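Novice: Following this message is one structure expressed as structure tokens.
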Amino acid sequence: MVIGEWSRKDTLYGGEGYSVRGNGELAAKLRDAIRQLPEFAPTHTDHATEQPAQEFTPPPEKHINEGSFFVGTNSSINKLVNSQALTVMNGGKIIKANGALTGTRLAALIGLRDCARRVLQSQNEDWPVEHREETRRELNRVYDRFVRTCGPINKTTFSETRDGSVIRRRPNPVKFIEDPDAMLVMSLEEYDEVTCKAAKAAIMTKDVVGRTPPVTNVASAEEGLLVSLNQRGRVDRSFIAELYSKTEKQFVTDLGDLIYQDPESECWETADEYL
């Protein structure tokens, strides 16, 4: 179906490959070639039999990595080491999620980690809003339950030794600190060691990762310039004026010596580019 003749002439890379040379009127040859294409009857969609849109199903979790704690099928606390599940021991005894305080607290922190990872996954993968909000509500429920039972995640105590040195302890994450996601769990709250009070972090109330919503307005000419450079790759006067809600003349005045007009091309450029 090639329209023309193969040729070794006028090829790139020192004669490697082929080129095509025309051998007649292109329009006529193109019509002849199209006639040789198979014909298909148009398909008609029967709207009455259309299947409804498939509902969104959250994909499985995928955050258990080397060094991660997790609860096994027999309620024991396990840890992934060299891709193998090893039972976690404490004082020669197996730590159980439904056993002593160490096990229940560790299991609760694992649950917090799983919920936090789920929230981040929902945002990074741009799940529907209702599903993102549901993962966030679940994270808040699990966090509130943990605080009622164990206090803030980062609860800190201080004690003084005989020699006058101060010992700082955080009893809640003391074992969980070995998990690669320990810092994620500890960042779920902002803890004040002076007042011993904790406040929920931003992840509890809003999306913190994922797609950035488009900027539709700016508060200053400088901000508009940055948005234009980021989204358009140049000084787009009409775009900045729309964002800034002022005339092009006004924002050019407000930007001052941040932009210059090239006298030859008459295009506006940033000071760095112009200089």
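Laboratory data are not the source of any read-out in this text; all were calculated from the coordinates shown. Here the structure is a predicted model, which is why all the values come from computation and not from measurement. Glycine gets a Cβ as well: all are built from the backbone with ideal geometry, and neighbour counts include every protein chain shown.
Novice: Pull up all non-local amide H partners of Asn90: gap of 5 or more, or a different chain, and H-to-H distance under 5 Å with H placed in the peptide plane.
Specialist: Distant-sequence amide H within range of Asn90: Ile95.
Novice: Once phi is turned into θ = phi - 60°, what whole-Hz ³J(HN,Hα) does the Karplus curve with 6.51, -1.76 and 1.60 give for every residue of segment 190-207, x standing for Gly and Pro?
Specialist: For segment 190-207, the Karplus curve yields 10, 9, 9, 6, 7, 8, 6, 10, 10, 10, 5, 6, 4, 4, 6, 10, 7, 5 Hz.
Novice: In addition: If you look for lysine pairs in segment 69-204 that are eight or more places apart or on different chains, how many of them have Cα atoms under 23 Å apart?
Specialist: For segment 69-204, qualifying lysine pairs total 11.
Novice: Please list, in chain and number order, the residues 5+ apart from Ser76 or on another chain whose amide H is under 5 Å from its amide H, with Hs placed from the backbone.
Specialist: Placed amide hydrogens put Ala97 under 5 Å from Ser76.
Novice: Additional query: Going by how many other Cβ atoms sit within 10 Å of their own, how do Leu184, Leu225 line up, fewest first?
Specialist: Ranking Leu184, Leu225 by Cβ neighbours within 10 Å, fewest first, gives Leu184, Leu225.
Novice: A further question on this structure: Enumerate by residue number the GluC sites (Glu not before Pro) in segment 89-173 meeting two conditions: DSSP loop (anything except H, G, I, E, B), and at most 14 other Cβ atoms within 10 Å of the site's Cβ.
Specialist: Those satisfying the criteria are Glu125.
Novice: Let me ask another. Looking at the chain as a GNM with Cα springs under 10 Å, which of Asn154, Asn124, Asn217 has the largest mean-square fluctuation?
Specialist: Fluctuation is largest for Asn217.
Novice: Where is the GNM fluctuation largest for the chain (alpha-carbon springs, 10 angstrom cutoff): Leu112, Leu226, Leu37?
Specialist: Sorting by GNM fluctuation, first place goes to Leu37.
Novice: May I ask you to sort Ile110, Ile34, Ile240, Ile3 by Cβ crowding, counting other Cβ atoms within 10 Å and putting the fewest first? Don't skip to the end; give the middle numbers.
Specialist: On the way: Ile110 22, Ile34 9, Ile240 27, Ile3 14.
Neighbour counts put them in this order, fewest first: Ile34, Ile3, Ile110, Ile240.
Novice: Within a 10 angstrom radius of the beta carbon, how do Phe176, Phe239, Phe40 rank from fewest other beta carbons to most?
Specialist: Phe40, Phe239, Phe176
Novice: Using only the Cα atoms of segment 221-274, build the gyration tensor, take square roots of its eigenvalues as a ≥ b ≥ c, and label the shape rounded, prolate or oblate: rounded if a/c is under 1.5, else prolate if a/b is larger than b/c, else oblate.
Specialist: prolate
Novice: Over the Cα atoms of the chain, each weighted equally, I'd like the Debye log10 I(q)/I(0) at q = 0.08, 0.15, 0.16 Å⁻¹, rounded to two decimals.
Specialist: Relative scattering, expressed as log10 I(q)/I(0), comes to -0.74, -1.07, -1.15.
Novice: For the chain, what are the DSSP H helices with axial Cα length of 24 Å or more and mean Kyte-Doolittle hydropathy of at least -1.0?
Specialist: The qualifying helices are 101-124.
Novice: Loop-only trypsin sites (Lys or Arg not before Pro) in segment 194-249, please: DSSP not H, G, I, E or B, and at most 14 other Cβ atoms within 10 Å.
Specialist: Lys206, Arg211, Arg232, Arg234
Novice: Just from its helices, what would the mean residue ellipticity at 222 nm be for the chain, if runs of 4 or more DSSP H residues each count -39500 (n - 2.57) and the sum is divided by every residue, rounded to the nearest 500 deg cm²/dmol?
Specialist: After summing the helix terms and dividing by the residues of the chain, the value is -10500 deg cm²/dmol.
Novice: Given axes a ≥ b ≥ c from the Cα gyration tensor, I'd like to know whether segment 69-204 is rounded (a/c under 1.5), prolate (a/b larger than b/c) or oblate.
Specialist: Here segment 69-204 falls in the oblate category.
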